[in-house]
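Q: This is the structure I have questions about; it appears just below.
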Amino acid sequence: MFDQIVKIMRKKIRNREYIMSIHGNEEMDEDSLSIYDVEHCILTGKIFERQKDKVTAEWKYRLNGQSLGGGKVEVVAKLSPTGKLVIITMYVS
């Protein structure tokens, strides 16, 4: 259903065209995850939900995937108007 969006997200990851939010960084540290876990989740995971941000009206996507160690993780990300992929948050699921 979201095949085109996930393709774009994966291209952004491969081209290093993404940024991590402060909240995402904090959550990543709290769950002992690395940026490589975020990348792996997006490169191999699937989008399972789309949500509309109440403030900005932008679409954000929830992805299920795995960390490099094989644990289940979830990433919430959006495509910004500037063309970057924004990692909003991530956590162990």
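The values are calculated or read from the model by the stated rules, or taken from the named source; none is laboratory data. Values in this document were obtained by computation on a predicted structure and should not be read as measured data. Don't worry about glycine lacking a Cβ; one is built from the backbone with ideal geometry, like all the others, and counts go over all protein chains shown. Accessible surface is based on the protein model in full, side chains and every heavy atom, while ligands, DNA and RNA are left aside. Shrake-Rupley method; radii C 1.70, N 1.55, O 1.52, S 1.80 Å.
Q: If I go through region 13-64 residue by residue, how many of them are among the acidic types (Asp, Glu) and under 16 Å from Leu85 (Cα atoms)?
A: Going through region 13-64 one residue at a time, the tally reaches 5.
Q: Enumerate the helices (runs of 4 or more DSSP H) found wholly within the chain, keeping only those where 3 or more residues are out of contact with any helix residue (DSSP H, G or I) (no Cβ under 6 Å at 6 or more places or on another chain) and of a type in the set (Lys, Arg).
A: 3-14
Condition check ((1) farther than 23 Å from Gly70 by Cα; (2) surrounded by 19 or more Cβ atoms within 10 Å (Cβ to Cβ); (3) not aromatic (Phe, Trp, Tyr)) across all residues:
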site	(1), (2), (3)
Ser21	yes, no, yes
Ile35	no, no, yes
Ile42	no, yes, yes
Arg50	yes, no, yes
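Q: What pairs come out if I take residues in region 53-82 that are in contact (Cβ under 8 Å) with a residue 40 or more places away in the chain and among the hydrophobic types (A, V, I, L, M, F, W, C) and pair them with residues that are part of a loop (DSSP other than H, G, I, E, B) and surrounded by fewer than 19 Cβ atoms within 10 Å (Cβ to Cβ) whose C-beta lies under 7 Å away, six or more apart or interchain?
A: Taking only residues 6 or more apart or on different chains, the pairs are Val73/Ser93.
Q: Looking at Lys11, Lys46, which one is open to solvent by 100 Å² or more (accessible area, probe 1.4 Å), within 16 Å of Lys78 (Cβ to Cβ) and at pLDDT 95 or above?
A: Answer to the selection: Lys11.
Q: Now for a different question. Could you grab me the full set of residues in region 62-93 that are among the polar types (S, T, N, Q) and surrounded by fewer than 17 Cβ atoms within 10 Å (Cβ to Cβ)?
A: Asn64, Gln66, Ser80, Thr82, Ser93 - these are the residues of region 62-93 that are among the polar types (S, T, N, Q) and surrounded by fewer than 17 Cβ atoms within 10 Å (Cβ to Cβ).
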